[in-house]
């Protein structure tokens, strides 16, 4: 028999012998590949007191799923594997994903019939200087070429006890982590950008939802750092924070503050506002449990208490949206993506969903989408309240206009009533007195006539004053001739002692109703009184000009005194008419413009 056949026969015998001696082998052939330990042999140590010398007598079970996952448990687990090296390299690494989720990892190699510890790692302690500083755990192992080695891995977790195990070279491990590190860098960078942006917005606006959002996103980002193995390096001096129980408890507490502040639950969802204290208490229970009772207890609480949080977030959001708070839809979408991403990640950890790029990164895109949508929600909230304030302002303006309109209408009605009483009572009485006095004068002798003439003159003067009062209270031209003629009559009467220069005098009666015409007349009446009070030079020029959508009344005069145009009555009437007034003072000259818009 040739030497080649003998060598092949010996290899076959060795392989069958190894297969008989070990329930599972991992054969390394190509250093450019990674080898996954599928359906590993495992042994659960429920009391965490199993000794090394007892392992030989224990029966290891084959995992039902490709990746061993025991969920949240206080127990530790042992995994046994045999690695046969048929490659051209002897230096390999056992890679275990998500080391922060594992509280402790100890690797033993069987040498000369006994187990020798070759690696030990505790997540709650800083990394040692000689350890490879990567986010996944890399345990260096040396396996001579064409030989095999048996390894035992002991692991415990304060979160999910899951052991994805590969055998890989160091170079290949770094090459394959490129995509994951790139994704982590993008996600973490965007989360930090969102947090910084909203922090600046809080500083500018002092709106508390922004502050709660920054705190919430910060701690949820820490949770991502934790799950991806970066947290011990970032916060090496705060290694106690390297726990999902503490991080998620604080994040959930801040989420309650953010929910109540953003949704305004006191007004929009009173029921959820009342139970906010209970939800905060649940967060404190998780936090206290994680601080004082180390182990997986806090994470077990999280798994059960996550459902009340889901109900609280969604319930508060839906009720607020149904009560008319539109930004709540973005709140629902944001927390919905967060829950979806974390649910997919948990289902992957429990071997219900496959372990692939989508499920591995579900926590990343869930958190990122939530941060993005909630940032948009905060902006939408500002717009919502801005529109609400604008509606309140417009409503206030309308209410003010309605009040002014009613007030001025009542004033005009009162003036009309007083004018009628003056005309019908006092005016008639004065006419009667004047007529009787005149009749007496006609029938009296000369000396008596002279005595009676003076009272007749006084009565006539009083009647003239009454007529002036009547005209100011209710100009008869408004009812008989309209606004244009009333304005001309007003100017003629007011400036009877002045030289009046008239420019354009366009007809404006068709463009205003009775109430608007009265407002315009009153404005000009007050202005002309102010002009007279300013003691102008004898010449006054005025014009009435019609443009396409407005009427302009203009007065030009010479005066050395300031014209008072800030009468409340003028302002109120201009506000009702949407009009404006401008007074330009030059050197001893004044130009007054009143602009009143109308609908063509």
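Please treat every number below as a calculation from the coordinates, not as lab data. Here the structure is a predicted model, which means the values were calculated and not measured. Backbone-built Cβ (ideal geometry, glycine too); neighbour counts: all protein chains shown.
Details
- Axis of helix 297-322 versus longest Cα principal axis of the chain: the two differ by about 30°, to the nearest ten degrees.
- In the chain, Cα pairs under 8 Å separated by at least six residues give a relative contact order of 9 percent.
- For the range 477-600, projected area of the alpha-carbon convex hull averaged over all directions, nm²: 7.0
- For the chain, the 222 nm mean residue ellipticity estimated from helices alone, with every DSSP H stretch of n ≥ 4 adding -39500 (n - 2.57) and the total spread over all residues, rounds to -18500 deg cm²/dmol.
- Against the chain, whose longest principal axis is taken from its Cα atoms, helix 328-349 shows a tilt of about 0°.
- Scaled to the globular estimate 2.2 N^0.38 Å, the Cα spread of the range 44-101, given as radius of gyration, is 1.40.
- Shape of the range 220-310, Cα gyration tensor, a/c cut at 1.5: prolate
- DSSP bridge pairs, the chain: antiparallel proportion in percent, nearest 5: 90
- Rounded if a/c under 1.5, otherwise prolate or oblate - the chain, Cα gyration tensor axes: prolate
- By the count of neighbouring beta-carbon atoms within 10 Å, fewest first, 78, 220 end up ordered 78, 220.
- FRET efficiency, 1/(1 + (r/R0)^6) with R0 56 Å, evaluated for residue 357 and residue 51 via beta carbons: 0.85
- Using alpha carbons only: equivalent-ellipsoid semi-axes of the range 150-285, gyration tensor based, whole Å: 36, 20, 12
- Extension gain from residue 533 to residue 292, taking 0.36 nm per residue of separation minus the Cα-Cα distance: 78.2 nm
- Were the residues from residue 454 through residue 569 laid out at 0.36 nm apart, the gain over their Cα-Cα distance would be 37.4 nm.
- Rounded tilt (10° steps) of 244-263 against the dominant C-alpha axis of the chain: 20
- Computed over the range 477-600, relative contact order equals 25 percent, with contacts defined as Cα pairs under 8 Å that lie 6+ residues apart.
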